[in-house]
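First the structure, in the form of structure tokens, and then the observations on it.
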Amino acid sequence: MPLPLIYHEDYSPPFPAGHRFPMAKFRLLKEQLLASGITREEQLLRPAICPPEILALAHCPAYIERFMSGTLSREEQRRLGLPWSEALARRTVRAVGGSLLAAEQALEHGLACHLAGGTHHAHYDFPSGFCVFNDVAIISRFLLNSGRVAQVLIVDCDVHQGDGTARLLADTPQAFTLSLHCAKNFPARKAQSDWDIELPNGLGDDQYLRILGDALDVLLPRLQPDLVLYIAGVDVHAEDALGYLQLSDAGIAARDRLALERCLERDIPVTGLLGGGYDPDPARVAARHALLHRSAAELWQVWR
């Protein structure tokens, strides 16, 4: 069977030209994966919309209703940074459903990747940093509550700290949060993850890979998680508009392969989620995100 990849046409709704958030990257990523032969259109798995009762495992019902009805306050809208529309609302809940489907596919097959996800800045009752609902926290709570898993490990390699995830899962010891992020970057007020690794500006490939590898070598045997949720943010790239690290394309590819391979070596199911990536040209961001899916596809051939 092919590598489970999850995508939906709702992911790139119409969006203002020149907006800082590259909404077209999801569609462009799909097109690049098709063009490279990593997947075919009929092989992509289409997710359902995540229902409100599952969103409410991590979010305030009143906040869910405010967002879905387009009645966020001006302050909430400013914190979100995205212009609300019905298409954006549909895209948001569809993408949470996609992350959940990717996690379920990973539990069944050992590895799966979403062509979206990793919305780690969303908080209990307000949005932040382009993130509305925190898919990582929702997945963790849903799978733990249902008894599908007993321990989840979140490996967050976005350049920005997963502050929303840290706060939402602070009282859930069965969901361990690891965040490797640039110390001097958004958010200004950091949360406390279970393990925060703060990286200096300008860190390059070799040091980053060593730090990540060492962290995984500690956590995987200690926690023996039933599932790893890996946020493969490409805003660590040297040319990213909002990141201050210096990873190359080759460095990001090596990072993704390292994270996935360490899990697969221990027979730990792993789900790949996109995380952030910012560039005036969304096609360049999509190409960086595709490194995750290329690494996953190569490993799939070896480990399946």
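The values are calculated or read from the model by the stated rules, or taken from the named source; none is laboratory data. For clarity, every value in this text was computed on a predicted model and none was experimentally measured. Please note: Cβ atoms are built from the backbone with ideal geometry, for glycine as well, and neighbour counts cover all protein chains shown.
I'd like the full set of residues that are in a loop (DSSP other than H, G, I, E, B), crowded, with 24+ Cβ neighbours inside 10 Å, of a type outside the set (A, V, I, L, M) and touching a Lys or Arg at 6+ places or on another chain (Cβ under 9 Å), limited to the range 262-291. 277, the sole residue that qualifies.
Consider the range 218-250 and keep the residues that are modelled with pLDDT of 95 or more and in contact with a Cys (Cβ under 8 Å, 6 or more places away or on another chain). The one that is surrounded by the fewest Cβ atoms within 10 Å (Cβ to Cβ) is 220. Scanning the range 42-61 for residues that are surrounded by 13 or more Cβ atoms within 10 Å (Cβ to Cβ) and outside any loop (DSSP other than H, G, I, E, B) yields 43, 45, 52, 54, 55. Residues in the range 185-227 that are farther than 15 Å from residue 254 by Cβ, over 19 Å from the mean Cα position of the chain (by Cα) and basic (Lys, Arg): 189, 222.
Scanning the range 77-95 for residues that are in contact with a Gly (Cβ under 8 Å, 6 or more places away or on another chain) and surrounded by 24 or more Cβ atoms within 10 Å (Cβ to Cβ) gives a single hit, 95. Listed by first and then second residue, the pairs linking a residue in the range 100-113 that is within 20 Å of residue 257 (Cα to Cα) to a residue that is of a type in the set (Gly, Ala, Ser) and surrounded by fewer than 23 Cβ atoms within 10 Å (Cβ to Cβ), with Cβ atoms under 9 Å apart and 6 or more places separating them unless they lie on different chains, are 113/297. Screening residue 259 on (1) assigned to a loop (DSSP other than H, G, I, E, B); (2) touching a Phe, Trp or Tyr at 6+ places or on another chain (Cβ under 6 Å) shows it passes everything except condition (1). Scan the range 1-20 for residues that are of a type outside the set (D, E, K, R) and surrounded by fewer than 20 Cβ atoms within 10 Å (Cβ to Cβ) and the total you get is 9.
Only one of the numbered conditions (1) surrounded by 21 or more Cβ atoms within 10 Å (Cβ to Cβ); (2) aromatic (Phe, Trp, Tyr); (3) farther than 26 Å from residue 152 by Cα is not met by residue 300, and that is (3). Listed by position, the strands (runs of 3 or more DSSP E) inside the range 72-184 whose residues that are within 13 Å of the chain's Cα centre (by Cα), more than 26 Å from residue 221 (Cβ to Cβ) and at pLDDT 95 or above number at least 1 are 111-114. Mind checking whether some residue in the range 32-44 is at pLDDT 95 or above, touching a Ser or Thr at 6+ places or on another chain (Cβ under 8 Å) and aliphatic (A, V, I, L, M)? Yes, some residue in the range 32-44 is at pLDDT 95 or above, touching a Ser or Thr at 6+ places or on another chain (Cβ under 8 Å) and aliphatic (A, V, I, L, M). The residue pairs whose first member lies in the range 239-253 and is farther than 16 Å from residue 198 by Cβ, whose second member is assigned to a helix (DSSP H, G or I) and polar (S, T, N, Q), and whose beta carbons are closer than 7 Å, counting only pairs six or more residues apart or on different chains, are 253/295.
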